[in-house]
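> One structure is given below, represented as structure tokens, and several questions about it will come after.
The values are calculated or read from the model by the stated rules, or taken from the named source; none is laboratory data. What you see is a predicted model; the values in this text were computed from it and never measured. Neighbour counts are summed over all protein chains in view; Cβ atoms, including those assigned to glycine, are modelled from backbone coordinates with ideal geometry. Heads up: the accessible areas ignore ligands, DNA and RNA and are worked out on the full protein's heavy atoms, side chains in. Shrake-Rupley method; radii C 1.70, N 1.55, O 1.52, S 1.80 Å.
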Amino acid sequence: MYSGAVAAAGPPRRDFISVILGPEEAVGVGGYNNSKAWRRRSCWRKWKQLSRLQRSVILFLFAFLTVCGVISYTSMGEAWKSITNKSSDDQRTEQEIPGLKLANPAVLPAPQKADASHGDYRELSPQKPPKPPHVRRGPSNLQIKAPWRDTRLKTRHDTVRAVEELVEADKVEKTEKSIISWRGAVIEPDQSTEPPSSKIKEPEKPSSVEAEDQKEPVPINERQLAVIDAFRHAWKGYKDFAWGHDELKPLSKSYSEWFGLGLTLIDALDTMWILGLKEEFEEARKWVANDLVFDKNVDVNLFESTIRILGGLLSTYHLSGDSLFLEKAKDIGNRLMPAFKTPSKIPYSDVNIGRGTAHPPRWTSDSTVAEVTSIQLEFRELSRLTGDEKFQKAVDEVMKHVHTLSGKNDGLVPMFINTNSGQFTHLGVYTLGARADSYYEYLLKQWIQGGRKENELLEDYMRAIEGVKKHLLQRSEPRKLTFVGELAHGHFSAKMDHLVCFLPGTLALGAHNGLAADHMKLAETLIETCYQMYAQVETGLSPEIVHFNLHAQKGHKDVEIKPADRHNLLRPETVESLFYMYRFTGDKKYQDWGWEILQNFNRYTRVPTGGYTSINNVQNPSNPEPRDKMESFFLGETLKYMFLLFSDDIDLINLDKYVFNTEAHPLPIWVPA
């Protein structure tokens with residue numbers, strides 16, 4: 001209505017005020033002229049009336065203001081664009097995962113296989129928190145951040161927690177359906193709408209950004225401090241007498257070489273990170289950066305260099321976020337690949353990492369089954385990180401080939417395999433000790449690493465455990481301890497290697513991931529046996545091998561030790577299983593057993609000038625006969641598992657996010673891309 005009234009009144013009248021500036025205008029000569037031409041001439045006259053200095057100053061100011069305006073416009077434009085993009089990204093994230101705020105999470109996409117038969121297994125119940133003590137104790141936690149860029153060691157693994165929240169939120173939306181029932185084990189998978197891609201994606205670098213919801217720090221307890229003291233004592237001996245070499249000889253204050261690649265130092269890197277030993281870690285990192293060179297004319301064992309060097313470098317990369325360790329891992333990984341150039345694709349045992357050649361041992365063309373089937377976690381992870389499929393392809397071919405072989409006995413495998421024919425050799429001998437042990441361990445751990453999708457691995461593992469129950473389990477006298485013996489051409493031997501004590505922890509890990517409940521019951525009986533292998537010995541330390549009495553004899557214990565078997569190499573397997581058992585049950589007796597073992601290590605193997613030594617005679621407390629050698633796995637495995645065992649913090653290497661390789665180097669469990 002208002003606009004119409006204005007229109008009806010006709011066009012508005014324009015009024016002007018004339019200002020007379022000169023005599024011509026005053027007398028009416030020419031009159032007032034407001035044309036553009038006149039205004040231009042007037043402005044030009046005024047400009048010409050200015051001095052040259054005045055005109056220069058004005059031009060300079062005009063140019064200066066113009067430049068400032070352009071710069072200001074550019075800066076404001078970039079800032080506005082950034083704000084707009086961030087806002088849209090936040091809205092998109094909140095739509096996909098309501099209520100989740102991500103602090104630059106390090107998502108770990110899993111390499112997928114083109115086998116559509118592989119189901120997606122649902123996330124099972126998280127680790128059971130240990131029963132809280134009267135005063136909550138525990139170690140400082142981890143954060144994925146390079147220590148040399150931090151002013152202190154953080155107490156929470158925040159970035160990985162963000163990853164876990166992302167995975168959990170994603171899995172809530174999926175439909176659950178039973179896919180596998182294997183002799184009592186029922187796994188509930190997530191349903192995938194499309195077959196997995198066969199293309200391996202490169203993940204983001206581990207993030208060093210803290211999550212906002214940082215938990216309250218958990219203090220380190222007295223037992224963990226004792227582990228730190230033991231580590232520092234061992235490290236002092238290594239640093240003083242064997243720096244940069246493979247292994248310390250603490251009694252002679254010298255060293256021994258195996259590969260000449262600083263095995264002890266590399267094996268201990270992630271242990272130092274977990275224990276919070278920043279100063280020791282930094283000096284070790286400098287050695288890796290400046291002195292670790294793989295271009296050497298030296299033969300290395302494929303298995304040992306994979307689990308210790310490649311595994312140690314990959315683990316340290318994930319914990320620290322430092323790309324130095326990934327670059328070194330790529331280097332050694334590429335140099336180990338010639339081992340797979342065999343007629344059968346079953347790798348040779350030895351590789352010359354300088355010449356790029358590989359060969360079997362001088363005395364045979366066989367490789368041990370454990371060695372060729374216990375390198376998969378590391379090579380698969382290297383493929384995931386680098387995007388290069390060749391590493392995973394090589395080790396997956398080995399597993400697929402072994403899966404199809406004849407010569408197994410209810411899932412149990414022989415100890416040797418020929419690199420030319422690809423067939424098992426020395427048939428009829430079955431053990432969970434040396435030369436076969438970690439085959440069974442890696443069946444389960446590969447299945448867990450890959451997101452519980454690779455059914456062949458699970459089937460082989462479940463069959464093998466049934467084979468153990470059927471053929472290898474017996475009970476001793478007089479205490480009726482359940483133990484795992486050996487089978488040779490139908491004859492049962494009551495011999496059990498200390499190496500077999502990995503099995504209780506592996507069984508418990510499988511039960512935690514949804515396998516049969518009787519696996520946990522068997523784990524509980526076997527870990528009691530492994531503890532008795534220590535408790536029934538005079539020094540409280542287990543020998544390398546024991547024989548169990550199958551018949552009650554007056555004055556005899558369950559455990560018998562032969563003179564050739566009574567040495568102790570500072571092995572980790574029992575402590576490893578104690579860690580798993582405590583983490584999943586919260587039963588503090590497992591911590592107490594581990595504490596006894598640590599005290600006996602200190603009592604009988606600690607060398608005053610630095611380091612620990614393996615011993616020849618666990619039955620002689622007055623003279624255990626030290627061997628003058630500290631194995632690298634004492635720092636890489638034994639003390640690491642001790643520290644984790646004594647912790648009440650389940651987020652310190654959370655077993656729902658990490659899987660340990662057979663040298664105790666934690667690698668991430670893959671999540672969907």
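> When the Kirkwood radius is taken over all Cα pairs of the stretch 456-578, what Stokes-Einstein diffusion coefficient follows at 25 °C and 0.890 mPa s, in µm²/s?
164 µm²/s
> Now a separate question. Per residue, how big is the convex hull of the stretch 516-621 when only Cα atoms are used? Give it in Å³.
Cα-based convex hull of the stretch 516-621, divided per residue, equals 120 Å³.
> Roughly speaking, what is the centre-to-centre gap between the stretch 220-262 and the stretch 419-457 when only Cα atoms are used, to the nearest Å?
Going from one Cα centre to the other spans 32 Å.
> Once neighbouring chains are kept in place and the probe is 1.4 Å, which whole percent of the accessible area of the stretch 576-673 is contributed by carbon and sulfur?
Answer for the stretch 576-673 is 43 percent, counting heavy atoms of protein chains only.
> What length, rounded to one decimal in nm, is gained on full extension from Lys589 through to Trp44, with 0.36 nm per residue of separation minus their alpha-carbon distance?
Here the segment from Lys589 to Trp44 would lengthen by 186.2 nm.
> A follow-up question, please. Report, largest value first, the span of the C-alpha coordinates of the stretch 460-510 along each principal axis, in whole Å.
Taking max minus min along each principal axis of the Cα atoms, the stretch 460-510 gives 29, 27, 17 Å.
> Hey, another quick one. Which log10 I(q)/I(0) values does the stretch 381-486 give at q = 0.11, 0.17, 0.24 Å⁻¹ under the Debye formula, counting every alpha carbon as one identical point scatterer?
Taken in order of the listed q values, log10 I(q)/I(0) reads -0.41, -0.87, -1.38.
> Okay, next question. Kirkwood hydrodynamic radius, computed over distinct alpha-carbon pairs, for the stretch 217-257: how many Å, to one decimal?
So the Kirkwood estimate lands at 11.3 Å.
> What FRET efficiency comes out for the pair Trp258/Ala494, r = Cβ-Cβ distance, R0 = 22 Å, nearest 0.05?
0.10
> Here's another thing I want to ask about it. Across the stretch 443-498, how many lysine pairs separated by 8 or more positions, or lying on different chains, have Cα atoms within less than 24 Å?
For the stretch 443-498, qualifying lysine pairs total 8.
> Got a sec to turn the phi values of the stretch 509-521 into Karplus ³J(HN,Hα) couplings, 6.51 cos²θ - 1.76 cosθ + 1.60 with θ = phi - 60°, whole Hz, x for Gly and Pro?
5, x, 5, 5, 8, x, 7, 4, 5, 5, 5, 5, 4
> In whole angstrom, and with the biggest value first, how far do the Cα coordinates of the stretch 224-365 range along each principal axis?
In descending order, the Cα extents are 51, 37, 27 Å.
> Calculate, in whole percent, how much of the Cα-Cα pair population of the stretch 352-400 lies beyond 17 Å.
49 percent
> Report the accessible area of Ser256, computed with a 1.4 Å probe over the heavy atoms of all protein chains in place, in Å² rounded to the nearest 10.
Using a 1.4 Å probe on the heavy atoms, I get roughly 30 Å².
> Given the alpha-carbon gyration tensor of the stretch 563-673, what are the semi-axes of its equivalent ellipsoid in whole angstrom, ordered largest first, with each equal to the square root of 5 times an eigenvalue?
The answer is 30, 16, 11 Å, longest axis first.
> While we're looking at this one, here's another question. Run the numbers for Arg603 and Glu560: contour at 0.36 nm per residue of separation, minus the present Cα-Cα distance, in nm.
The span from Arg603 to Glu560 would gain 13.2 nm if fully extended.
> Pull out the extension gain between Leu427 and Ser406, defined as 0.36 nm times the separation in residues minus the alpha carbon to alpha carbon distance; nm, one decimal.
Taking 0.36 nm per residue and subtracting the Cα distance, the gain is 6.6 nm.
> Separate question: Taking the stretch 369-436, how much of its Cα-Cα pair set, in percent, is spaced more than 13 angstrom apart?
Cα-Cα pairs of the stretch 369-436 separated by over 13 Å account for 65 percent.
> Right, something else. Calculate what fraction, in whole %, of the accessible area of the stretch 459-566 sits on carbon and sulfur atoms when a 1.4 Å probe is rolled over the protein chains.
Solvent-exposed carbon and sulfur of the stretch 459-566 make up 51 percent of the total.
> Based on the inverse mean of 1/r over its pairs of different Cα atoms, what is the Kirkwood hydrodynamic radius of the stretch 489-544, in Å?
Taking every pair of different Cα atoms in the stretch 489-544, averaging 1/r and inverting gives 12.4 Å.
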